[in-house]
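Comments concern the structure below.
The values are calculated or read from the model by the stated rules, or taken from the named source; none is laboratory data. Just so you know, these numbers come straight off a predicted model, no measurement behind them. Here the Cβ positions follow ideal geometry from the backbone for every residue, glycine too, while neighbour counts run over all protein chains shown.
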């Protein structure tokens, strides 16, 4: 199986290049991460992030044949050769497939991604009906891999101002939580031309999410809440 | 990098590891206005707590009657009486409060129609001290670890905890009186070392599942904190007790939660027989993990395994119905489809016991203080704490119950945070560090920048060999001969480490160097594990000796302590006395 892998060592390379690599004995159940691990065993300078290998830690987001995804969940036999592996786009490259995620984490922190309760706390759990809890499905499962935000053209154009789909999905995760009491503050924080309204429903985010989540839909729901909050 | 221009930072507390244990401690401290630094070799939400599925035990009694005393009994019985009963009482009493606290912090627990937290049955749980099955495991679908880890990280964002993301801890720093005063760490992105001085250091670095070839663990689970403790001259406790989870995906190792059986799934052999009825007539598929793992291994050994090689059994879930499966166990449905093209609503899942959890670890008391034996008692190492999978309190003893590890990390994360607050009150000033210990730590790092031995070995090659030896020689069933051979082999690998040199000497994000140091850690822990297993001549919990098939409370109701120097073993008594209630004396363990 043939690969083209993005290589860049800032200490020795003037600019990045694509390296052609070949792997024999690829079996049907192998994922891209398995291939990268074998290639790394042959050349230990090959650098990428990875950890759990089962799609829950969110470490190994890369761009595979032009589409963002997790290396550990991308089956080799379903990919067209040569398999081109690049870092996720739009972020500063540190080395090979490793990017600097700080901008992404910054936007996440900025939406205050934590439950805010103003009333006194009960001695037992807050009551939440199964229907209320269901509102969080499709939101809380986010693994912060960054596949969505780094595939979003609006984020590429305004990475410093547009929060991006992952952070906005998290903002809605708390707006949708029956226990949260900071609705007005959360909506006010996202007002203005950039933070959320740069979203033009391009839908790349929903198409690439390895957990099947839909940030565009969450953003629409935030917009609806904003309108409702105004009247 | 010389010691003169080494960058130094100073904090009240250094927390190493940003899984649930580290983050819960950090939160406790940050909210008390302590100056706390959290060092993690990965971004916090990548920590392996994220992969915990089934849930967290607490006797909320939301579904069935329950109380903390029954939970305590089950945990002690599950531990095969090797758990310390004071720590277990403390944990089980604290559990409900800690679950409510997590819920208040935002964890999206699944709910019942009453609006209360959903609880599912898990293995080894009973009502009324061994009676009917209990339902004690609080769940957020089958993503409970993810939900808890993300919530704790979010709370730390709120509390403005200071994070050092993607820094690798190398060694502990001491002074001449034996106080632990921080650690030398390596910034992975720049390749520069950094000395973090602190009045207290908390190890929360997780387990060492990467010791075994097939495991449920992440690549990062290399037991770094345990190996740091060994190198600092401290012992590791009960390392022979390694949990093999009954239901790893056969051949791959990914975890299928015990919650799958809690929701009504069951195991079958090639004849379609529900074989657990023979091994545990009462609890059946919800017997404790060591028992179910041995049953599966026995079925396969005796020729009743499934598949062309007869090397696994099947976990049947399809009878639960698609709605229940996708509502209660969405994560494992997704995983089965992604990795095996199997839809559990239609087909059974091939499973086999898989290395899962390090019951042993750095010896601590229930305040999270690291303790070592002296004369007839024990004393704490000033300034050093450990919590979670890297610690051995010991609440899990010889076998951990499912749902007790998420509980362990938050209970003792909080307890250690509280004790550190007290320590900081009584130790207001930073002590002078011993620069010699910094020199030693820097030399440890420098070793990987220089050619070593004949360079005939590679990190990936030796790691694969080590994992194979551990799987072949220190698995579910053990004997003297097999363990002796295992010890010889791991000691050989230790020798061969001197011939490893890495070919990547760049500074920026050099993962080859990190993996070399992780392998060093694994080698030390492999020796600790095999040596402790070889010495324990009885069967108890997860440590199952074919040549010593019975539990021997006369000779072996005691904790093992392994020291790196001279591979020396020592032992200390099990705490059989709880804090307030009567002791549960050892009795035969039947499920």
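Odds and ends about this structure:
- Exactly one residue out of B:4, B:31 is on the phi < 0 side of the Ramachandran plot and free of Cβ contacts under 8 Å to residues at least 12 places away in the same chain: that is B:4.
- Verdict on residue B:513 being surrounded by fewer than 20 Cβ atoms within 10 Å (Cβ to Cβ) and in contact with a helix residue (DSSP H, G or I) (Cβ under 8 Å, 6 or more places away or on another chain): no
- Single residue of A:187, A:169 found to be under 20 Å from residue B:150 (Cβ atoms), at pLDDT 95 or above, assigned to a helix (DSSP H, G or I) and not assigned by TED's automatic domain parsing to the domain that holds residue A:6: A:169
- Test for residue B:454: is it touching a residue at least 12 places away in the same chain (Cβ under 8 Å), away from chain A (no Cβ under 13 Å), farther than 30 Å from residue B:292 by Cβ and part of a helix (DSSP H, G or I): no
- Residue within the range B:82-104 that is outside any helix (DSSP H, G or I) and farther than 22 Å from residue B:581 by Cβ present: no
- Count of residues meeting criterion [touching a strand residue (DSSP E or B) at 6+ places or on another chain (Cβ under 8 Å), away from every other protein chain (no Cβ under 11 Å) and without any contact (Cβ under 8 Å) to a residue 24 or more places away in the chain] in the range A:2-48: 5
- Within the option set B:247, B:298, B:257, being under 30 Å from residue B:523 (Cβ atoms) and either more than 14 Å from chain A (Cβ to nearest Cβ) or touching a helix residue (DSSP H, G or I) at 6+ places or on another chain (Cβ under 9 Å) (or both) holds for one residue only, B:247.
- Listed conditions (1) farther than 29 Å from residue B:50 by Cβ; (2) within 14 Å of another protein chain (Cβ to nearest Cβ); (3) at pLDDT 95 or above are all met by residue B:483, apart from (2).
- Within the range B:21-37, the residues that satisfy the criterion of being within 14 Å of another protein chain (Cβ to nearest Cβ) and closer than 27 Å to residue B:331 by Cβ are B:23, B:27.
- The listed residue being in contact with a helix residue (DSSP H, G or I) (Cβ under 8 Å, 6 or more places away or on another chain) and surrounded by fewer than 20 Cβ atoms within 10 Å (Cβ to Cβ), out of B:323, B:375, B:343: B:343
- In the set B:533, B:512, only one residue is part of a helix (DSSP H, G or I) and more than 12 Å from chain A (Cβ to nearest Cβ); that residue is B:533.
- Residues being outside any loop (DSSP other than H, G, I, E, B), more than 16 Å from residue B:153 (Cβ to Cβ) and more than 7 Å from chain B (Cβ to nearest Cβ) - total across the range A:91-135: 6
- All of (1) out of contact with any helix residue (DSSP H, G or I) (no Cβ under 6 Å at 6 or more places or on another chain); (2) part of a loop (DSSP other than H, G, I, E, B); (3) more than 8 Å from every other protein chain (Cβ to nearest Cβ) hold for residue A:88 with one exception: (1).
- Residue in the range B:374-388 that is in a helix (DSSP H, G or I) and within 27 Å of residue B:120 (Cα to Cα) present: yes
- Unique residue being within 14 Å of chain A (Cβ to nearest Cβ) and within 20 Å of residue B:132 (Cα to Cα) when the list is B:61, B:18, B:52: B:61
- Filtered residue count, the range A:50-69, keeping only those that are within 8 Å of another protein chain (Cβ to nearest Cβ) and either surrounded by fewer than 18 Cβ atoms within 10 Å (Cβ to Cβ) or touching a residue at least 24 places away in the same chain (Cβ under 8 Å) (or both): 5
- Screening residue A:227 against (1) farther than 25 Å from residue B:138 by Cβ; (2) in a loop (DSSP other than H, G, I, E, B); (3) without any contact (Cβ under 8 Å) to a residue 60 or more places away in the chain leaves a single unmet condition, (2).
- Flag if residue B:402 is modelled with pLDDT under 95 and not in a helix (DSSP H, G or I): no
- For residue B:465, the test of being free of Cβ contacts under 8 Å to residues at least 40 places away in the same chain, assigned to a helix (DSSP H, G or I) and closer than 30 Å to residue B:548 by Cβ is passed.
- The one condition from (1) closer than 26 Å to residue A:36 by Cβ; (2) surrounded by 15 or more Cβ atoms within 10 Å (Cβ to Cβ) that residue B:455 does not meet is (2).
- Among the residues making up the range B:152-179, those that are in contact with a helix residue (DSSP H, G or I) (Cβ under 6 Å, 6 or more places away or on another chain) and under 30 Å from residue A:117 (Cβ atoms) are B:152, B:153, B:155, B:156, B:157, B:159, B:161.
- Each residue in the range B:305-336 was checked for being away from every other protein chain (no Cβ under 14 Å), out of contact with any strand residue (DSSP E or B) (no Cβ under 8 Å at 6 or more places or on another chain) and touching a residue at least 12 places away in the same chain (Cβ under 8 Å), and 7 of them qualify.
- Boolean, residue B:51 is in contact with a strand residue (DSSP E or B) (Cβ under 8 Å, 6 or more places away or on another chain) and surrounded by fewer than 24 Cβ atoms within 10 Å (Cβ to Cβ): no
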